[in-house]
1. Among 271, 289, 258, whose Cα sits farthest toward the positive end of the charge dipole of the range 236-295 (+1 at Cβ of Lys/Arg, -1 at Cβ of Asp/Glu, about the Cα centre)?
2. Would you work out which of 424, 314, 158 lies farthest towards the positive end of the dipole of the chain? Charges go on Cβ: Lys and Arg +1, Asp and Glu -1.
3. Extension gain residue 388-residue 350, at 0.36 nm per residue separation less the Cα-Cα distance, in nm?
4. Between residue 125 and residue 336, 0.36 nm times their residue separation minus their Cα-Cα distance comes to what?
5. Taking residue 118 as the anchor, which aspartates and glutamates have their alpha carbon closer than 19 Å to its alpha carbon, excluding any fewer than eight residues away along the same chain?
6. Can you tell me which aspartates and glutamates have their Cα less than 12 Å from the Cα of residue 259? Leave out same-chain residues fewer than eight positions away.
7. Among the listed pairs 420/444; 156/238; 322/352; 156/216; 93/444, which are separated by more than 19 Å between their Cα atoms?
8. Using a simple spin-label model with points 7 Å from Cα along the Cα→Cβ vector, what separation in nm is obtained for residue 322 and residue 41?
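Every number here is computed from the coordinates shown, using simple stated rules; none is lab data. None of these values were measured; they are calculated from a predicted model. Neighbour counts run over all protein chains shown; Cβ positions are idealised from the backbone, glycine included.
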Amino acid sequence: MKSLKFALSINGRMVSAMETATAINPATEEPICQFPLASREQLEEAVQAASDAFSAWSSTPITERQRLVGALGNLIEENQEAFIELLITEQGKGRAGAEWEIGGSIHWCREIAKQSLKDEVVLRDGDEAIVTRYTPIGVIGAITPWNFPLLLAIWKIAPALLAGNTMVLKPSPFTPLCTLWFGELANRVLPAGVLNVLSGGNELGQWMTEHPGIGKISFTGSTATGKRVMQSASVNLKRLTLELGGNDPAIVLPDVDAKAIAKDLFWACFSNSAQFCVAGKRLYIHEEVYDDVARELVAYARTVKMGNGMEPGVELGPLQNKMQFEKVKELLQDCKDNQQRFLLGGELTKEKGYFIPVTIVDNPPEDARCVVEEAFGPVLPLLKYSSIDEVIGRANQTEYGLAASVWSNNLEAAQLVARKIEAGTVWINHAHQFSPRIAFGGHKNSGMGIENSLHGLAEYTNMQTVLQKAPVTGRG
């Protein structure tokens, strides 16, 4: 693992800060190291540096921007093992999850680097032409969460820079370390000012969303915070991409083989200890197979090891921070207070670390807190239903619309259900398939805008239509 010293990246230089905070290992509750908290003046420096760099960077040929974005992936690959260990330490996930995230970060850099937005010729007729083109916005402000700190930063960095923008990026104060180190490495290949990485608290995010020098905010986080971001960004009509919360339904149809789907269904709901915006959070199971699916799901869950991700065989880690740990503890207590039955889990151990055991709740009422709220932790309600129309109505009865999954041996039946779900992504018989080529975004209160694919790349541009006609010449 790298030497644990971290600094801000501003204008191609590593910069210290007057104030610092302590990064905590969520598996041990022990300090990892200190990290800098950027001041308002340092944000001003970073925005100015990004603004100064914009003209040259946006004029750089797309082929060169593609090469440099791809080179960012090479930097991660050259330090892959150290990134994996640092990610486990600061975020808490198991090794397989850390490998998936770091490997995904490499892949995203390389695949986004192959993309480009071509001019669209609307009309070319004689002396008249109409062309729509994509132009960079300017300085992008990116604010990233603590559940997938490096990968979700790359989801923003790669397309924003490829499109010709420059960036000021703020990682979560719970997981700043991988992103700060990435910023340090990026200085080796990117021109000064193109990517600036500033760690800080909530006030830094507020300063960024209000800053008149930032032309767009790309934010991933909670719906409540996303609404505040949208309000703050209105001061200069910033462009916005918001990837927000979800209360994602998973619907199991009556024709499934319970034993065959148990493993995939478990990971659809509990990957990253369910600290996943698209985790299955309400598992609707047809009454004919409810008992079978519940039994097989519990049986598989008992085989999954939870603990410190540095230990061999650990697949699930702790919740990432004490604040989230306390929220999920409160949710468990609410289940107990309302006499809801646990098929598994529900009781905390006394060991150190922010560990919540995998908890499966047996058919609670539809208005129970564990059903209505996004737990963002390993607490899953199993809900019994009897008809397709009924379950579609219940699945859609939420302010959220991020993702969903449908499980069935009958693809035609599953597709009919999927088309009626109010969500930006619906998986059938699997979950959590993402790609730089697959558009991802939420409906309703789960956000606005798209990440990934050419649609996501276009989010970092303004469209400009150029209409031209040959000059009128005088007659002699």
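1. 271
2. 158
3. Using 0.36 nm per residue and subtracting the Cα-Cα distance, I get 9.4 nm.
4. Using 0.36 nm per residue and subtracting the Cα-Cα distance, I get 68.8 nm.
5. Within the straight-line cut-off, residue 118 pairs with 64, 451, 459.
6. Straight-distance partners of residue 259: 291, 292, 296.
7. 93/444
8. 3.1 nm
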